[in-house]
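To start, the structure itself, in structure tokens.
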Amino acid sequence: MRETSERQAFMQKFSISRLNTSIGIIKLEGEICQGQIIAISQFSIMGTDGWLELDMAHQHTQTLIQRLQAEVVLHLRGIT
């Protein structure tokens, strides 16, 4: 039980409403723990007609998340 509460103490939820990245403008929500993203719960990319929410279960979305992980972590370090 103590391990669970210690783990939760280091986990932080985050929300980024707009971030310019190498693949375009994105917004996302998730959790980060000790400088590593452990879960993304919502991921959208700016399209020509507005925000396009991506399917988290789709392999292409997972590939994009992995590709952007370093950029997102750097952004989060800059705002915390």
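The values are calculated or read from the model by the stated rules, or taken from the named source; none is laboratory data. Just so you know, these numbers come straight off a predicted model, no measurement behind them. Virtual Cβ from ideal backbone geometry, glycine too; neighbours counted across all protein chains shown. The accessibility values were calculated without ligands, DNA or RNA, using every heavy atom of the protein model including side chains. Shrake-Rupley method; radii C 1.70, N 1.55, O 1.52, S 1.80 Å.
Structure notes:
- In the chain, the DSSP-assigned H stretches of four residues or longer account for a calculated mean residue ellipticity at 222 nm of -12500 deg cm²/dmol, using -39500 (n - 2.57) per stretch and the full residue count as denominator.
- Angle in degrees between helix 59-79 and the longest Cα principal axis of the chain, rounded to the nearest 10: 70
- Solvent-accessible heavy-atom area per residue, rounded to whole Å², over the chain at 1.4 Å: 72
- Across the chain, Cα pairs under 8 Å and at least six residues apart give a relative contact order of 19 percent.
- Listed values (1) 121; (2) 144; (3) 96, entry calculated as volume of the Cα convex hull per residue in Å³: (3)
- Residues of segment 17-50 with amide N under 11 Å of a point placed 7 Å along Cα→Cβ from E71: 19-27, 46
- Placing dummy labels 7 Å off each Cα toward the beta-carbon, the span from L19 to L52 is 2.0 nm.
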